[in-house]
Amino acid sequence: MSPPATIEDDDLERLLLIRHFELALLRLFERGLLHGTTHTCLGQEHIPVALSPLLRPDDFVFSNHRGHGHFLARHLDPHGLLAEIMGREGALCGGVGGSQHIYHRRFLSTGVQGESLPVAVGVALRMAGTGTLTCVYVGDGTWGEGSVYEALNLASLWQVPLLLVVENNGIAQSTPTRLQLAGSVAARAAAFDVDHLPIDSTDVAAIRNALRPAVAAVRERGRAARRGVRHAPAGPPQQGRRLPS
Ligand SMILES: Cc1ncc(C[n+]2csc(CCOP(=O)(O)OP(=O)(O)O)c2C)c(N)n1
């Protein structure tokens, strides 16, 4: 039997904040007090909570349609987010973005699947050489979008400081992954010569420890890269590399 996971107070506070924020939204939704649809991240709180302390304030975070946890792990502002979702005073971006389209400092989200990745690659290209990285969250169900592959191609070719977090929850909102994804995310990453680190855990400390070297590697690569487009050196095609876990 594995030893019981220990958890830091800060992490527990964020996990509970996200969990209770989402549960409160569901209650508001049931009462007809929220407009449009509501995507909660219940059960996925541990992912942004594990990652967040590894990110710096100057890093960019691109989120998706299920982004409340991504936001709250990054910015402890549940009041601003709730006001944004409800279109009330104090809203993060004037109430025009709602649940899925947040623009706050260096945090951006979009409800359009596959939209964020090309934009994030552009931002990462701009930040190359500075040590700032760009993190993008996507779900496994978003790997049906062609823009994901155009972005991956350029991210790899230009070696931009991009961290792509795939929240592979086994379902694309309502469609099981096995019914919509041929092959695997790992094989697709390898096809673009993109480093891939599979993590299967809900233990915040374990996830963070596994992510730490990967985040450092992305940041280091980005620091070494110079801004603008570089041409890959001529040579034989390389195999996909796996980061040490
Ligand atoms: C371009 C586009 N097509 C369709 C949708 C409708 N849609 C919203 S969420 C979703 C599935 C998302 O699956 P996944 O990326 O795995 O995230 P999950 O909801 O499972 O967290 C779809 C098809 C959309 N938002 N954008």
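Within segment 34-51, can one find any residue that is without any contact (Cβ under 8 Å) to a residue 12 or more places away in the chain, small (Gly, Ala, Ser), open to solvent by 30 Å² or more (accessible area, probe 1.4 Å) and more than 23 Å from residue 216 (Cβ to Cβ)?
Checking segment 34-51: not a single residue is without any contact (Cβ under 8 Å) to a residue 12 or more places away in the chain, small (Gly, Ala, Ser), open to solvent by 30 Å² or more (accessible area, probe 1.4 Å) and more than 23 Å from residue 216 (Cβ to Cβ).
Residues are listed down the side, and each one gets a yes or a no for (1) surrounded by fewer than 20 Cβ atoms within 10 Å (Cβ to Cβ); (2) among the polar types (S, T, N, Q):
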residue	(1), (2)
72	no, no
81	no, no
87	yes, no
99	no, yes
102	no, no
118	yes, no
125	no, no
135	no, no
141	no, no
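Could you check how many residues of segment 161-185 are over 25 Å from residue 68 (Cβ atoms) and either open to solvent by 40 Å² or more (accessible area, probe 1.4 Å) or among the charged types (D, E, K, R) (or both)? Please lay out each step first, then the result.
Residues of segment 161-185 that are over 25 Å from residue 68 (Cβ atoms), as a first pass: 161, 178-179, 182-184.
Among the residues that remain, those that are also either open to solvent by 40 Å² or more (accessible area, probe 1.4 Å) or among the charged types (D, E, K, R) (or both) are: 178-179, 182-184.
Looking only at that region, the number is 5.
Sort out which residues of segment 207-229 are modelled with pLDDT of 95 or more, aliphatic (A, V, I, L, M) and buried (at least 16 other Cβ atoms within 10 Å of the Cβ), and write them in order of number.
207, 210, 211, 214, 215, 217, 218
Looking at segment 8-28, which of its residues are surrounded by fewer than 16 Cβ atoms within 10 Å (Cβ to Cβ) and away from the ligand (no atom under 16 Å from the Cβ)?
Residues of segment 8-28 that are surrounded by fewer than 16 Cβ atoms within 10 Å (Cβ to Cβ), as a first pass: 8-10, 12-13, 16, 20, 23-24, 26-28.
Those that are surrounded by fewer than 16 Cβ atoms within 10 Å (Cβ to Cβ) and away from the ligand (no atom under 16 Å from the Cβ): 8, 9, 10, 12, 13, 16, 20, 23, 24, 27, 28.
Given the conditions (1) within 24 Å of residue 40 (Cβ to Cβ); (2) assigned to a helix (DSSP H, G or I), and given that residue 124 satisfies all but one, which numbered condition is not satisfied?
That leaves (1) as the condition not met.
Could you tell me how many of the residues in segment 29-66 are among the small types (Gly, Ala, Ser), within 26 Å of residue 162 (Cα to Cα) and within 13 Å of the ligand (Cβ to nearest atom)?
Step one: list which residues in segment 29-66 are among the small types (Gly, Ala, Ser), which gives 32, 36, 43, 50, 52, 63.
Right, trim to within 26 Å of residue 162 (Cα to Cα) and you get 43, 50, 52, 63.
From what is left, the residues that are within 13 Å of the ligand (Cβ to nearest atom) are 43, 63.
Here the count works out to 2.
Between residues in segment 139-157 that are in a helix (DSSP H, G or I) and residues that are more than 10 Å from the ligand (Cβ to nearest atom) and at pLDDT below 95, which pairs lie under 8 Å by C-beta distance while being six or more apart or on different chains?
157/232
Just a yes or no: is a residue in segment 50-66 of a type in the set (Ser, Thr, Tyr) and in a loop (DSSP other than H, G, I, E, B)? So that I can check it myself, show each step before the final result.
Residues of segment 50-66 that are of a type in the set (Ser, Thr, Tyr), as a first pass: 52, 63.
In the following step, the residues that additionally are in a loop (DSSP other than H, G, I, E, B) were identified as none.
Checked against the condition, which is being of a type in the set (Ser, Thr, Tyr) and in a loop (DSSP other than H, G, I, E, B), segment 50-66 yields no hits at all.
Among the numbered conditions (1) in contact with a helix residue (DSSP H, G or I) (Cβ under 6 Å, 6 or more places away or on another chain); (2) in a helix (DSSP H, G or I); (3) buried (at least 20 other Cβ atoms within 10 Å of the Cβ); (4) not small (Gly, Ala, Ser), tell me where residue 92 comes up short.
(2)
Six or more apart or on different chains, Cβ under 6 Å: which pairs go from a residue in segment 53-66 that's under 15 Å from residue 108 (Cα atoms) to one that's within 16 Å of the ligand (Cβ to nearest atom) and among the aromatic types (Phe, Trp, Tyr)? Could you list them?
Cβ pairs passing all conditions: 63/137; 64/137.
The values are calculated or read from the model by the stated rules, or taken from the named source; none is laboratory data. Predicted, not measured: the structure shown is a model, and the values here were computed from it. Neighbour counts are summed over all protein chains in view; Cβ atoms, including those assigned to glycine, are modelled from backbone coordinates with ideal geometry. Remember, those area values only see protein heavy atoms, side chains included, never the ligands or the DNA or RNA. Shrake-Rupley method; radii C 1.70, N 1.55, O 1.52, S 1.80 Å.
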